[in-house]
2 protein chains.
Amino acid sequence: MKHKPTDYDNTFSIDNVIFGFDEGSLKVLLIERAEEAFIGKMALPGNLVRHDENLDLGASRILYELTGLKDAHLEQLYTFGDINRHPLGRVITVAYYSLIRIKKYKLQPKISFAKRAAWIPVAEIPQLAFDHNVIVEKALDRLRGKLRYKPIGFELLSEKFSLSQLQDLYESILLIAIDKRNFRKKILSYDFLIALNEKQKDVSHRAAKLYRFDKKRYELLDKKGINFEL
Amino acid sequence: MKHKPTDYDNTFSIDNVIFGFDEGSLKVLLIERAEEAFIGKMALPGNLVRHDENLDLGASRILYELTGLKDAHLEQLYTFGDINRHPLGRVITVAYYSLIRIKKYKLQPKISFAKRAAWIPVAEIPQLAFDHNVIVEKALDRLRGKLRYKPIGFELLSEKFSLSQLQDLYESILLIAIDKRNFRKKILSYDFLIALNEKQKDVSHRAAKLYRFDKKRYELLDKKGINFEL
DNA sequence: AAACATAGTGTATTTATTACACTAAGTTTA
DNA sequence: TAAACTTAGTGTAATAAATACACTATGTTT
């Protein structure tokens with residue numbers, strides 16, 4: 001196989017899979033590409049890493065430039081490097097993922113590379129550029145695995161949430177049904193949820209009590225060797 | 001920051017963390033480097049990925065060339081890309097890991113890049129080239145996490161093993177003590193261990209019954225949603 | 001005031017985990 | 001050749017965790 005060098009040969013890119021949860025369903029942050037390759041297609045917010053930039057920092061920068069999001073607490077997911085995954089050259093991409101509260105942020109691309117950014121329900125993801133559908137699947141697997149063993153669901157809900165909202169989140173991401181009483185018993189038994197003196201507003205039925213997740217308490221339990229599991 | 005191009009700039013490498021278990025302790029496969037950088041230092045078996053080579057295939061090829069090992073069932077671990085991790089240029093490395101039966105293979109480097117290959121107990125790993133100590137730590141974390149939730153311990157033991165050997169393995173990798181009766185009860189309850197009509201030989205005490213892991217049975221249970229957990 | 005929607009609560013049963021100590025089968029030693 | 005040694009192998013009771021299950025409470029809308 002002959003090697004015709006291009007600007008894209010032997011480059012690294014980063015692609016971010018950002019999950020949010022809104023209106024009862026899990027969503028992914030996608031951009032519409034304004035440049036080749038795959039111009040006009042939806043894609044994960046990703047771009048080339050700079051020569052003088054660490055991967056983790058590159059991931060944050062790229063996410064910010066393409067969507068306006070900051071402080072997303074990105075975690076590395078997997079690296080995709082098939083020979084022909086990029087039409088313009090040999091580009092391997094390191095995928096990162098993160099969970100965020102959708103409502104806290106406004107989407108606003110900072111560079112023209114992205115025409116727009118939007119939250120798309122996981123069930124409605126179209127065919128994406130490159131191997132990005134595969135990357136999203138991998139991220140979903142990871143999210144589902146992690147959700148069971150780490151108390152990360154809260155990162156997707158607003159600061160204050162009701163137990164029913166939390167249960168909904170688990171049920172809709174893991175695609176399982178959970179008994180209400182058992183769920184409450186279990187999640188409260190860990191003692192990392194703080195009941196607030198506050199209720200839901202603007203609901204047309206009995207308002208639910210609100211809770212918040214106390215990270216410090218969780219870390220204490222974790223250090224003691226008490227492992228969360230739903 | 002100015003960019004002085006070198007042969008190593010913008011290249012990808014692969015580093016393999018291969019675990020084995022022998023004489024009651026966990027070991028890692030290391031090579032002695034015969035080329036720059038870090039000539040003479042111990043390192044993980046790793047090298048640059050070819051331009052026309054997928055990452056997974058590259059990992060197998062590199063492992064074979066440097067150690068003689070084949071069919072190691074490598075799994076991707078993590079990608080390390082700090083700017084200064086490689087003294088000769090910007091090289092990001094994709095780490096893979098695998099568990100193998102030490103006794104089944106003979107170590108024999110196929111190219112001069114590696115002066116020799118050797119199994120080194122995890123507790124005695126010296127300072128390695130590049131960021132390879134960090135990579136080994138990451139692989140250890142992953143191994144420990146996985147050992148608890150997937151029946152992978154068998155990949156480190158010979159085909160036929162006794163329950164005590166298996167328990168030893170868990171205890172020495174996870175650094176915990178396990179009750180003998182409870183361990184046996186639990187591991188046998190999963191029904192994926194087949195008792196053989198065979199006993200240990202060449203031991204100077206009562207010989208233990210041998211078992212083998214039945215992968216098909218495990219996969220059946222897994223499909224039924226029965227999750228292994230030690 | 002009745003209908004509606006979601007919040008909130010307890011108990012009994014089943015299943016899993018833990019703690020715990022002796023006998024069995026071989027080998028080595030005196 | 002018997003005693004000492006080494007590791008294999010086994011069961012039960014007590015405790016803790018998971019499950020199954022249905023009604024009342026609180027507020028809103030009609």
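Per residue, how much accessible area does chain B have with a 1.4 Å probe, in Å²?
Accessible area per residue: 53 Å².
Taking springs between alpha-carbon atoms closer than 10 angstrom, which of A:34, A:95, A:177 fluctuates most in the Gaussian network model of chain A?
A:177
Cα gyration tensor of segment B:159-223, axes a ≥ b ≥ c as square roots of the eigenvalues: rounded (a/c below 1.5), prolate (a/b > b/c) or oblate?
Cα axes put segment B:159-223 in the oblate bin.
Under the classification rounded if a/c is under 1.5, otherwise prolate if a/b is larger than b/c and oblate if not, where does segment A:116-211 fall, given a ≥ b ≥ c as square roots of the Cα gyration tensor eigenvalues?
The shape class here is prolate.
Roughly to the nearest percent, how much of the accessible area of the protein assembly as shown is carbon and sulfur, given a 1.4 Å probe?
49
Expressed as cubic angstrom per residue, what is the convex hull volume of the alpha carbon set of segment A:63-106?
Enclosed volume per residue, from the Cα hull, is 90 Å³.
For the protein assembly as shown, what is one quarter of the convex hull surface built on the Cα atoms, given in nm²?
One quarter of the hull surface, i.e. the mean projection, equals 26.5 nm².
Measure nothing but the geometry: give the 0 to 90° angle between the long axis through the Cα atoms of A:132-149 and the longest principal axis through the Cα atoms of chain A, rounded to 10°.
30
Based on the Cα atoms of segment B:1-84, what semi-axes does the equivalent ellipsoid have, where each is the square root of 5 times one gyration tensor eigenvalue, given in whole Å with the largest first?
25, 16, 12
For segment A:11-148, what does the alpha-carbon gyration tensor say about shape, rounded, prolate or oblate, given a ≥ b ≥ c as the root eigenvalues, a/c under 1.5 as rounded, and a/b over b/c as prolate?
It is rounded, given that a/c, with a ≥ b ≥ c, falls under 1.5.
Would you mind checking the tilt of helix B:163-174 against the longest principal axis of the Cα atoms of chain B, expressed as 0 to 90 degrees and rounded to 10?
Orientation of helix B:163-174: about 40 degrees from the principal axis.
Taking a threshold of 22 Å on the Cα-Cα distance, which of the pairs B:70/B:110; B:146/B:199; A:180/B:224 fall above it?
B:146/B:199; A:180/B:224
Would you mind estimating how fast chain B diffuses translationally, via Stokes-Einstein at 4 °C and 1.567 mPa s with the Kirkwood radius over Cα pairs, in µm²/s?
67
What does the copy distance list look like for residue B:39, label position 7 Å along Cα→Cβ, in nm and ordered from shortest?
Nearest to farthest, the other copies are at 5.0 nm.
Chains A and B: how much accessible area gets covered up at their contact, both sides added, probe 1.4 Å, in Å² to the nearest hundred?
Buried area (both sides, nearest 100 Å²): 2300 Å².
To the nearest Å, what is the center-to-center distance of segment B:1-68 and segment A:92-114, using C-alpha atoms only?
If we compute the Cα centre of each part, the gap is 33 Å.
Antiparallel versus total DSSP beta bridges in the protein assembly as shown: what percent is that, nearest 5?
Beta bridges within the protein assembly as shown, antiparallel portion: roughly 75 percent.
Using DSSP, restrict attention to beta bridges with both residues in segment B:1-143 and report what percent are antiparallel, rounded to the nearest 5.
Of all bridge pairs located within segment B:1-143, approximately 70 percent are antiparallel.
Once the Cα atoms of helix B:55-67 and of chain B are each reduced to a long axis, what angle between those two axes, in degrees from 0 to 90 to the nearest 10, is obtained?
Tilt relative to chain B: about 90 degrees.
In debye, nearest 20, what is the charge dipole magnitude of segment B:11-148 about its Cα centre with +1 on Lys and Arg Cβ and -1 on Asp and Glu Cβ, if you could check?
With Lys and Arg at +1 and Asp and Glu at -1, about 380 debye.
In deg cm²/dmol, rounded to 500, what helix-only [θ] at 222 nm does chain B give when every DSSP H run of at least 4 residues adds -39500 (n - 2.57) and the total is split over its residues?
One gets -8500 deg cm²/dmol as the mean residue ellipticity at 222 nm.
The values are calculated or read from the model by the stated rules, or taken from the named source; none is laboratory data. Just so we're clear, the structure is a prediction, and the values are computed from it rather than from any experiment. Cβ atoms come from the backbone with ideal geometry, glycine included; neighbour counts cover every protein chain shown. All accessible areas refer to the heavy atoms of the entire protein, side chains included, with ligands and DNA or RNA removed. Shrake-Rupley method; radii C 1.70, N 1.55, O 1.52, S 1.80 Å.
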